[in-house]
1. Can you name the residue in the range 207-218 that is assigned to a helix (DSSP H, G or I) and in contact (Cβ under 8 Å) with a residue 12 or more places away in the chain and, of all such residues, is nearest to T181 (Cα to Cα)?
2. Working only within the range 161-177, note down all residues that are more than 14 Å from C250 (Cα to Cα) and open to solvent by less than 40 Å² (accessible area, probe 1.4 Å).
3. Just one of T110, T148 is out of contact with any His (no Cβ under 6 Å at 6 or more places or on another chain), assigned to a helix (DSSP H, G or I), without any contact (Cβ under 8 Å) to a residue 60 or more places away in the chain and of a type in the set (S, T, Y); which is it?
4. Any residue that is small (G, A, S), more than 26 Å from the chain's Cα centre (by Cα) and closer than 19 Å to L192 by Cβ - is there at least one of those in the range 240-249?
5. Restricting attention to the range 25-51, report how many residues are modelled with pLDDT of 95 or more and part of a loop (DSSP other than H, G, I, E, B).
6. Can you find a residue in the range 171-184 that is farther than 21 Å from S301 by Cα, outside any helix (DSSP H, G or I) and of a type in the set (D, E, K, R)?
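The values are calculated or read from the model by the stated rules, or taken from the named source; none is laboratory data. Note that the structure is predicted; figures quoted are calculated from it, not measured. Here the Cβ is made from the backbone with ideal geometry for all residues, glycine too, and neighbour counts use every protein chain on show. Each accessible area value is taken on the protein alone, full model and side chains, heavy atoms only, with ligands, DNA and RNA left out. Shrake-Rupley method; radii C 1.70, N 1.55, O 1.52, S 1.80 Å.
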Amino acid sequence: MAPKRDSKKSAPKKSYDYSGLETGMKCQAESDGTWYAAEIMAVSTSKNRSKAPVKVSYRGYEGYDEWVGGERLKSKALKVTTEKLDPKTKPPLEKPVLYYFPFAGRGELTRLIAAAGALEMEAGKMPEDRKDLCAECGALGTGVPVLTHGKLKMCQSQAIQNYVSLIAPKFRRMPAKARGTDMMWCAHIEDLILDVFKSGIGAVLFQGDASNFKKDELKATLEKYFGVFENLAPEEGFVTGGKAPTAADCCVVMLYKACAPYTHIYKNADFDHDKYPKLKALAERAAGAKGLKEYCESSESLKADPFKK
């Protein structure tokens, strides 16, 4: 049985120069994904055969000659040129889009990670009714942040932070242990936020209702977490030991540089975060590093204060 012709197209776009091919030359010809020994029977210059100008005979398959193109030939006499795309003509890469309120809250850590990792990220316009957007992103309710990136649609603060860390250009070669450390710090921040709001501070900030506010409980929670962070913070350099800040350092920048709701939480608890010297120094080092420095200077969400009276 003669070899079958393969219908698959070659992925890279190539051009072929058949001028060096001659009748009687040995070559290899491809059929149905397999390369066979063959002999060139004719080389046509006719426009009608421009797509398959070479007639080959498969050795061992007498009588099954076939006209083929360069993508199905292997011969030292066949000149192949691969077309290179002009970088200017390449379509721009899609940017991830973060949907969150225009203040720090639970979205700021993702923004800081993107800035530290040199990832361009867009701020999505929040619809008045978030139900459909959140549902598309896998959220159970209407909680934000949510993020879209091409076909990817996702929710959950920590998942978004980890994803942004994974795709950020400056973090792509981070070792697994460093990523694990970053994830641990981000998880601590999520736990901190959850525990902080158990004190009733949410009703104070969003509704002006302090009837169930537990100030001492809030202060104790802050002292617990800041104590852990102080023990984990390095005396110099950055958390994961690299030359630049990563997600773990961004956690600290957020705690010291983000306005809302953090400064109001500290104020209502009579909590002084300046009593943690290693942590404060780390925040200053990280906030002064390339990427984060520019972001901290220009960010509106980092400074926004919707709770200001």
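1. L218
2. Within the range 161-177, I167, M174 qualify.
3. Only one candidate qualifies: T110.
4. No, the range 240-249 contains no residue that is small (G, A, S), more than 26 Å from the chain's Cα centre (by Cα) and closer than 19 Å to L192 by Cβ.
5. 2
6. yes
A quick yes/no check of all residues on (1) assigned to a loop (DSSP other than H, G, I, E, B); (2) of a type in the set (A, V, I, L, M); (3) surrounded by fewer than 17 Cβ atoms within 10 Å (Cβ to Cβ):
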| residue | (1), (2), (3) |
| --- | --- |
| V239 | yes, yes, no |
| F271 | yes, no, no |
| K278 | no, no, yes |
| P306 | yes, no, yes |
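This table checks each residue for (1) in contact (Cβ under 8 Å) with a residue 12 or more places away in the chain; (2) part of a helix (DSSP H, G or I); (3) among the basic types (K, R).
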position	(1), (2), (3)
D195	yes, yes, no
A220	no, yes, no
A244	yes, no, no
C250	yes, yes, no
